[in-house]
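One structure below.
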Amino acid sequence: MGYTDTFDQFKQELAQRVSAAQAMGMSQGAIVEQASRIGDWLAREVAPRSPEQHLLKKMWEVSNEAEQRALASSLTKLVARS
């Protein structure tokens, strides 16, 4: 997944990845697990470029594992409906 400058670009990129994963037959649980791993990596390694990315990073950092999984699940649902 490429890194994006705006939240709309981020959602568009994530939507493409979620759609590809679904087309390959991945379950929603497996997609959320991968989104959680990517969220961990982004929070550790990538500087946010938009206000929304700053907010997501801060939310990720203060969340426990279950809350991070809920954030990942919510984001995948958000982009699936777009």
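A short reminder: the numbers here are calculations on the coordinates, not readings from a lab. These numbers were taken from a predicted model, which means no experiment stands behind them. Here the Cβ is made from the backbone with ideal geometry for all residues, glycine too, and neighbour counts use every protein chain on show.
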(request) With runs of 4+ DSSP H residues as the only contributors, calculate the mean residue ellipticity of the chain at 222 nm using -39,500 (n - 2.57) per run, divided by the residue total and rounded to the nearest 500. (result) -25500 deg cm²/dmol
(request) Evaluate the charge dipole of the chain about its Cα centre and quote only its size in Debye, nearest 20, assuming +1 on the Cβ of each Lys and Arg and -1 on the Cβ of each Asp and Glu. (result) 140 debye
(request) Give the Rg/Rh ratio for the stretch 27-80, taking Rg as the radius of gyration of the Cα atoms and Rh as the Kirkwood radius, to two decimals. (result) 0.95
(message) Neighbour counts of other C-beta atoms within 10 Å: give me VAL62, VAL46 arranged from fewest to most.
(response) VAL62, VAL46
(request) Working from Cα positions, state the angle (0 to 90°, nearest 10) between the long axis of helix 7-23 and the longest principal axis of the chain. (result) 30 degrees
(message) Just want the ordering: GLU61, GLU33, from fewest to most Cβ atoms lying within 10 Å of their own Cβ.
(response) GLU61, GLU33
